[in-house]
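Scroll down for the structure; my scribbles are underneath it.
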Amino acid sequence: MKLRDLLEYVPARAAEAALGLLPLGPADRFGLVAGSGAWRLGTRRDVVEEQIAAAFPDRDAAWVADTTRACYRHFGKEIAAIARLGRSGGASLLPRFPSGSEAVELHREVTGGGGAIIVTGHIGNWEVAGAYLAAAGLPMAAVVKRQRNPAFNERMLETRRRAGVEPIYMQDARTRIPEALREGKTVALVADQDAGDRGVFVPFLGREASTFRGPARLALSQDVPLFFGAAVRDGAGYGWVLEPIERPAPGKGAELEYTRRWVARLEVQVRLRPEQYFWFHRRWKTRPPGNDGGGAT
């Protein structure tokens, strides 16, 4: 392991171990304090404020500032939740999802007990979402990105497997996802980051956003249901959002329309809970053809 990787990994692993020993309440409070600290340091705060202001043009500067700080605090708390997940596994989440059983029953009703695609965005806690569904009895897999730091990468794989979620690297997705679906697994994809020139442009929070084709393409090609799903923080627990997306009519525009439909569901959740969205990445970095200037990215 490179020295830089080791210097990153050791303190982070120690913090994870310490958080894993804390009860839920103190772990949440630690996360809030850590998130507030990152906000005070100004880590990507200009990006967050810029994007929130552009997505909510009717809100004043004070609201944008308050929502920005709340966003940092939220993700501090969710990082602590993921750290605890690495120690306790997904079973510890079951009492924290009062409406979770309803979502699981809906999934089984729509799929007939088979596999499906669940697409989500960076809202609430996507790692907790997959771990809960696996703990609730749904065979789960998730498409993941290989981390630069190999020690972090192995730890994240271990955490997901411990929670009952099979990780599938992006580069293996073309072959492994169809296999997982045939095995009756539900495959989760976090698909709301900027897709660059590979994406399709669909409306998101008032602007056209380059969006990955994969979730819609897979659901259509593999003939399985497509759900939008999210685990959103609600006090000390989580609320479940799980919505089947109506399949568009067959034809040339089906993939685009399917993508538009799930992104619209994500937008509803972001408007309801803007502080729980991951504004740290530049969602509108890629501009539609013929639109190369003006506005926040």
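The values are calculated or read from the model by the stated rules, or taken from the named source; none is laboratory data. Since the model is a prediction, treat every value here as computed from it, not as a measurement. Note that each Cβ is placed from the backbone with ideal geometry, even for glycine, and that neighbours are counted across all protein chains shown.
Here is how the numbers come out for the structure above:
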{"quantity": "Residue list for segment 50-94, restricted to those being of a type in the set (A, V, I, L, M) and at pLDDT 95 or above", "calculated": "52, 53, 54, 55, 61, 62, 64, 65, 70"}
{"quantity": "Qualifying residues in segment 182-212 (those that are aromatic (Phe, Trp, Tyr) and farther than 27 Å from residue 111 by Cα) - the one nearest to the chain's Cα centre (by Cα)", "calculated": "204"}
{"quantity": "Residues of segment 231-253 satisfying the condition of being among the small types (Gly, Ala, Ser) and out of contact with any helix residue (DSSP H, G or I) (no Cβ under 6 Å at 6 or more places or on another chain)", "calculated": "235, 236, 239, 249, 251, 253"}
{"quantity": "Selection within segment 45-79 - over 29 Å from residue 20 (Cα atoms) and among the basic types (Lys, Arg)", "calculated": "59"}
{"quantity": "Helices (runs of 4 or more DSSP H) enclosed by segment 26-119 - at least 1 residues per element that are touching a Pro at 6+ places or on another chain (Cβ under 6 Å)", "calculated": "61-88, 100-111"}
{"quantity": "Failed condition for residue 221, given (1) in a helix (DSSP H, G or I); (2) under 29 Å from residue 96 (Cβ atoms); (3) not charged (D, E, K, R)", "calculated": "(2)"}
{"quantity": "For residue 49: the one exception among (1) buried (at least 18 other Cβ atoms within 10 Å of the Cβ); (2) touching a residue at least 24 places away in the same chain (Cβ under 8 Å)", "calculated": "(2)"}
{"quantity": "Condition met for residue 201 (touching a residue at least 40 places away in the same chain (Cβ under 8 Å) and under 25 Å from residue 271 (Cβ atoms))", "calculated": "yes"}
{"quantity": "Qualifying residue in segment 213-224 (condition: among the acidic types (Asp, Glu) and under 19 Å from the mean Cα position of the chain (by Cα))", "calculated": "no"}
{"quantity": "Filtered residues of segment 135-158 (kept if among the charged types (D, E, K, R) and touching a Phe, Trp or Tyr at 6+ places or on another chain (Cβ under 7 Å))", "calculated": "146"}
{"quantity": "So residue 127, is it of a type in the set (Asp, Glu) and either closer than 21 Å to residue 263 by Cα or crowded, with 20+ Cβ neighbours inside 10 Å (or both)", "calculated": "yes"}
{"quantity": "Single unsatisfied condition, residue 156 versus (1) in a helix (DSSP H, G or I); (2) within 16 Å of the chain's Cα centre (by Cα); (3) closer than 16 Å to residue 119 by Cβ", "calculated": "(3)"}
{"quantity": "Flag for residue 104 being of a type outside the set (Ser, Thr, Tyr), under 28 Å from residue 274 (Cβ atoms) and modelled with pLDDT of 90 or more", "calculated": "yes"}
{"quantity": "Condition broken by residue 34, with the remaining ones in (1) of a type in the set (A, V, I, L, M); (2) within 19 Å of residue 124 (Cβ to Cβ); (3) at pLDDT 95 or above satisfied", "calculated": "(3)"}
{"quantity": "Test: residue in segment 240-263 that is in contact with a Phe, Trp or Tyr (Cβ under 6 Å, 6 or more places away or on another chain) and in a helix (DSSP H, G or I)", "calculated": "yes"}
